[in-house]
Amino acid sequence: MQDNQPQSELVLIAGISRGQDNFDYSMTELTELAKAHGDTVVADVRQNLDRAIGATYFGKGKVDEIAELARANDATTVIINDELSPSQLRNLNKLIGLHVIDRTQLILDIFADRAKSKAAKTQVEIAQLQYALPRLHPSANKLDQQGGGGGLANRGAGETKLEMDKRVLNKRIARLRRELKEADVGAQVRRVQRDTNAVPVVALVGYTNAGKSTTMNGLLDLYADHPETKQVFEKDMLFATLDTSVRQLTLPDNRKFLLSDTVGFVSKLPHHLIDAFKATLAEAANADLLIQVVDYSDPHYPEMMQITEQTLKTIGIHDIPMITAYNKADKRPDTHYPELNGDQFIYSAQDPASLHQLARLITKHIFADAETHTYLIPFSEGQLVDFMNRETAVSATDYTDDGTRITATVNAAQAGRLAQYLVTES
């Protein structure tokens, strides 16, 4: 049989160290990003500079070294560990003579490959077009090289075509943003409905591949109806999924909450993507509780936590209570788990005992304002009885001549809805 799988591309990665503490980590991360794109890294070139060279990013000697090393290793693409200016990108492509892309383009390509839902595809396309806008160049259009006239006439034609291309892209971006906004209206309506029903929202956030989806699937197995139909995609790779998944979990006492699994973060996440994915990250922005999932087995986990917290600030998420959940403790033989210290929780998403304790910690936070009261619901308000049985933790039910007497644990919003039926003890 013929193998139709795409062949892995051989790539060389290269970057500049300006003395930053996390440079080695960022280069390791670039290797992982290339692997996530299906590429094989065959060489790694680094240069120490106080600042990048304006025209070529690297010094001339280093550019020559990259070109020679890439060809010696049969690399077809060179990936640079920063976002390059349009002129740097053009100059490096010309001087190296191979396909050169920057870190931003690589991440955009990965996102484009992984986007499944219409919203995710729209968000990625917006980011791609914003990235492409300043990189449009007349020489990239073959039509601009045609025609009998030279000099100013030909240059003017090229500039006119360039402006036309920019207008086309700007119109496309505007249309896609309208579509995204219309799609987000539906999500806002669903969020309002959830608020009306007083269902708390918990959002999993964190570095890509920290185990958010595995954690969500583990909790679904324990607390969701028909969990096999609600599992989210998980795989050991960066950016395995881009779509925010929201699932309802029901605790043993019948109290419910919504759990969302958001897109993962990475260092130097392109600002185009952060802007485009604000709609997707709205679940986190509107959450009652955040759980930052950390890959505790990775020696770089402190940097990952810093990246997550910086990204949350960038997208305007702050002042939301957070649990820091150190996952993959099973990969650290010297570590005892599950272990809780305040809101710092060491666990393994593969361990049911860990997940039960995580659920108890979540419950402690989102139902901190819960109170137990007795209510007398008139028989004419049967929908309220249904609501209490469905959404609150009912501990006792008694049918009297005056109505249904129910003792239940409720949150503040539910208590407000039921206040007129509260039984006051004399």
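Structure summary
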read-out: Matching residues, the range 101-123, being part of a strand (DSSP E or B) and open to solvent by less than 10 Å² (accessible area, probe 1.4 Å); value: Asp102
read-out: Hey, Ser26 surrounded by fewer than 15 Cβ atoms within 10 Å (Cβ to Cβ), closer than 25 Å to Leu108 by Cβ and among the small types (Gly, Ala, Ser) or not; value: no
read-out: Selection from the range 46-100 of residues that are under 11 Å from Ala14 (Cβ atoms), among the small types (Gly, Ala, Ser) and in a loop (DSSP other than H, G, I, E, B); value: Ala75
read-out: Evaluation of Ile66 against (1) within 31 Å of the chain's Cα centre (by Cα); (2) crowded, with 21+ Cβ neighbours inside 10 Å; (3) outside the structural domain of Arg175 (by the TED database); (4) in contact (Cβ under 8 Å) with a residue 40 or more places away in the chain (one fails), failing number; value: (1)
read-out: Considering residues of the range 401-417 that are open to solvent by less than 60 Å² (accessible area, probe 1.4 Å) and either in contact with a strand residue (DSSP E or B) (Cβ under 7 Å, 6 or more places away or on another chain) or of a type in the set (Phe, Trp, Tyr) (or both) only, the residue nearest to Ser380 (Cα to Cα); value: Gly403
read-out: Output for the range 285-342, where each listed residue is touching a residue at least 24 places away in the same chain (Cβ under 8 Å), among the aromatic types (Phe, Trp, Tyr) and part of a loop (DSSP other than H, G, I, E, B); value: Tyr296
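Quick grid of which residues meet (1) open to solvent by 60 Å² or more (accessible area, probe 1.4 Å); (2) under 29 Å from Asp261 (Cα atoms); (3) among the basic types (Lys, Arg); (4) over 37 Å from the mean Cα position of the chain (by Cα):
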position: Thr335; (1), (2), (3), (4): no, yes, no, no
position: Ala349; (1), (2), (3), (4): no, yes, no, no
position: Ala359; (1), (2), (3), (4): no, yes, no, no
position: Tyr375; (1), (2), (3), (4): no, no, no, yes
position: Pro378; (1), (2), (3), (4): no, no, no, yes
position: Gln383; (1), (2), (3), (4): yes, no, no, yes
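The values are calculated or read from the model by the stated rules, or taken from the named source; none is laboratory data. As the structure is a prediction and not an experimental result, all values here were calculated from the model. Please note: Cβ atoms are built from the backbone with ideal geometry, for glycine as well, and neighbour counts cover all protein chains shown. Quick note on the areas: whole protein, heavy atoms, side chains included, nothing else; ligands and nucleic acids left out. Shrake-Rupley method; radii C 1.70, N 1.55, O 1.52, S 1.80 Å.
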